[in-house]
Amino acid sequence: MVYISLSSYIKFTIQLFVMIAIANTTIQAKSISFNNLSNNTIKTVTSKNALKQLLGAHATISLLEYSGLEFLGVENNYLLQAQMQPTAKVLDKDVTSSVGVSINSVTTNIPFDSEKTRVLFKIPAFKMLLGKTHVQRYRLLNPFYVSYYPNAQKYSFELEQLFIEMKAFAKLHQDQGMRDEVEFLFIYYKLGTLSGDARIDFMESTHQKAMKDGTPWKVFLSKWYLGQLLINLNTKVDVGLYLLTEASEMLENGFEHPLASYLNYTLGNTNYRYSDMESAKKYFKRAIVYDDASKNKSNLSRCYNELGLIYRKLNRLDSSNVYLKKALGVSLVQHDSIMAGIISGNLGENHYLRGDYDKAIPLLQKDADMAMKGDETGLASNALLLLADCYLMKGDMDKAAKMLALGKSYTYQSKQYLRLKRLYPILSKWYAVKGEAELASMYVDSTRFVIDSLERLQMLVRVVPSEELYEVSGLKIEKAQQKVETTHRQLIIAVMAIVLLLSVVLILVYRMVSKQKQDQLTTENTQLKSDLLIAQQKLDAFILSKRVPEVNTASMVDRPILTPEDLQRFKVLFDAAYLGFRQHLQSKYPLLTETETQVLCFLKLNLSNKEISGLLGVGINAVQQQKRRARLKLCVTSSIELNNLVHSI
C-alpha cells in the first residue's frame, strides 16, 4: 500500500467528482483485465461506485506527477492517471494489461498494447529492471539497443508511451536509477529520429547535462553517443576521436561497461581509417582484452583481423599472418562464414604481396565469391582485381581479362573513389603487357591523381591526432589532481587560473585550426573542380581534333573519323571527365548496345546528329535510329526526355 496525506486524497476526490459533474452521466469501463480481477463484461457503473469498480473496495490514494500528467491513486498493482481532458486511464503496474475509461458514456479505445510493444522492442519486464546497477540494466536492455531501429518509426507513438509507463513505474517504486536509464533509452531512440545538425545539437546538449550531473555511466554514454555520431557524420572527426579517447581512458581507470570492447574497436577502426597505425594498434589490443573477458567474444575475430591489416600496412607480413590466422580460427569456431571469407581474402592478399600467386588465388577466389554473393561491391572489387593481377603475373591472359572485367565493373558499382587506387595500376599493367603504351601511361597518371586526391582529402579530415589532443587535456587534469593533494589552497587557485588560461588558449587554437580546415576544404574543392575541368577540356580537345568541316553526310558512310584506337582513347578520356556515366548506363540498362552507349556519350557532350554521324562514319538516319532504340530501352518517349535523362546522370 502507498499512503499520502488527507489533503491529497481530498484533492483527488474533488477532481474526480468535477469530471463526473461535467459529464453529468456515468462512467463506462471496457475489457477490464488485471492480475487480481477476472475479465468483466461491459457494464455501466454509477459515479458513486466508480472508484470501487476500478481500484477495489479499499482504495488507498496517492498523488504522483510526471511529464505533464497526473497519476492519481494506486491500489495493489494499479495506477489511475488523470489527464487534462475528461478522460481517465488505469495502468497495470506490471504492464500486463490496461483499460481505457472515459466520461459521457463514451468508451476510449486503448491507444496501444503496452505488453505487445514491450515484447516487440525486446524490453524486459519492468520488475526485472528494479534495483539493478547500470551495467546490469544495460545488459538486460542490450536486445533493445541492437534491434530497435526497424520498428522505431512505425511504432514511435507506442514506444514513447512505453517509455512514459516505464518512467512512471520507476518513480512509483522510487528507483531513480531506473528513471535515468529510461531517459537514456529515450535519448538513444531520439537520435534515430533526428538528422544532420539537429542530431549533433541534441547530443551536445545531452553531453553537457551529463558532464554537469557527473554520474560516471551518464558521462561515459554521452561521450560514446556524441563521439560516435561526429565520426559517422564525418563532422569534427578529431573531436569525436577525442571524446571516445576520454571514454576509453575511463575504462582503463576502473570504470566497467559492456560497451568496452566495441568502443575500443571503434577507436581502433577510426584511427586505422585515418592512417594513425600506432593508435589503431593500441585500441584494437585494448578491445581484445575486453572482448576476451566477455562471454560472447563478438568482436574478437574482427580485432585480430584489423591488427593483421595494420601490420601489413607496416610491411610486417609475418606479424600480419599471425593475427590473421588467429582471426580465422576464432571465426571458424564461431561459425561466422562471412568473416572467415573476408579473413581468407586478407591472407590471400598477403600471399599476393609475397608473389606466391598459387597460394593467393584460392583464398582470394573464396573472398570474391563471398563478397559477390553478399553484394559487397567494394570487397568484391578488391578481391577480383587482385585475382586479375595474379593471373596476369602468371601469364594467363584469358583469366586475367575475365577477372579484370569483373573487378572493373564492381569498382564502378561500389561508387567508392578509393577503389580506383587499386583498379588503375592494374589497368596500366594490363595495357603495358598488351603493348599499348599510351593507355598504360594514361592509367599511371590517373593512379597518381587518385592517390594524391585521397591523401589531400584525408588531411582535411584529421587536423590534430586524437592522442595528442587527449594528452594535452588529460595530463593537465592529472597534474592538477596531484597538486590538489600536495599544495595549499592558494596554489590550487593558481592552478585553476592556469587551467582556465589553457582552456581559453585551446579554444582559440581550435577555432584557428577549424578556420584553417575550412580554408583548406575550400582550396581542395577548387582543386578538384579544376582537375575535373582539365579532364573535360582534354576530352573536348580530343573531340574537336576529330571534327571535320560540314560535308554531304551521305558520303561519310563507312568512312569513320574515330578509329578503334580513337574510340578506346575516347572512352578513357570520357570516363575521367564523367566518372561512372557509362558504367551506370551499362549496369542499369544492360540491353543497350555498345554503339547506343557511344551515341548517348556523344549526346552527353551536346554533339549534333551530323557531328555524331561524322565521328562514327554513319548516316544521320542511322544516328537517329540508334537514338530511337536507346529511347525504347531507357523507357523515354521523346528526344527532349532522352536529352534530360542523359544530362541528369
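The values are calculated or read from the model by the stated rules, or taken from the named source; none is laboratory data. None of these values were measured; they are calculated from a predicted model. Here Cβ is always computed from backbone atoms with ideal geometry, including for glycine, and neighbour counts include all displayed protein chains. Each accessible area value is taken on the protein alone, full model and side chains, heavy atoms only, with ligands, DNA and RNA left out. Shrake-Rupley method; radii C 1.70, N 1.55, O 1.52, S 1.80 Å.
List of remarks:
- Ranking of 123, 620 by solvent-accessible surface, largest first: 620, 123 (1.4 Å probe, protein heavy atoms only, all chains present).
- Whether the range 177-278 is rounded, prolate or oblate, judged on the alpha carbon gyration tensor where a/c under 1.5 counts as rounded: oblate
- Heavy-atom accessible area for residue 202, with the other protein chains in place and a 1.4 Å probe, reaches approximately 50 Å².
- The range 223-274: C-alpha gyration tensor shape, a/c 1.5 cut-off, then a/b vs b/c: prolate
- Cross-link check: pairs 285/373; 588/627; 132/218; 359/421; 190/218 evaluated at a Cα-Cα cut-off of 21 Å; pairs beyond the cut-off: 285/373; 359/421.
- P(r) histogram, all alpha-carbon pairs of the range 167-235 included - 5 Å bins from 0, percent: 3, 17, 25, 23, 16, 10, 4, 2, 0
- Take the Cβ atoms of residue 594 and residue 394, set R0 to 25 Å, and the FRET efficiency comes out at 0.25.
- Inter-probe distance in nm under a simple model that places probes 7 Å from Cα toward Cβ, at residue 610 and residue 160: 6.5 nm
- Computed with a 1.4 Å probe over protein heavy atoms only, the accessible area of residue 515 comes to about 130 Å².
- A straight chain from residue 358 to residue 563 at 0.36 nm per residue would run longer than the Cα-Cα distance by 69.9 nm.
- Taking 0.36 nm per residue of separation and subtracting the Cα-Cα distance, full extension of the segment from residue 313 to residue 649 would add 117.3 nm.
- Once both labels are positioned 7 Å from their Cα atoms along Cα-to-Cβ, the gap between residue 147 and residue 338 label points is 1.6 nm.
- Protection-proxy order for peptides 247-256, 606-615, each taking the mean of Cβ atoms within 10 Å per residue, highest first: 606-615, 247-256
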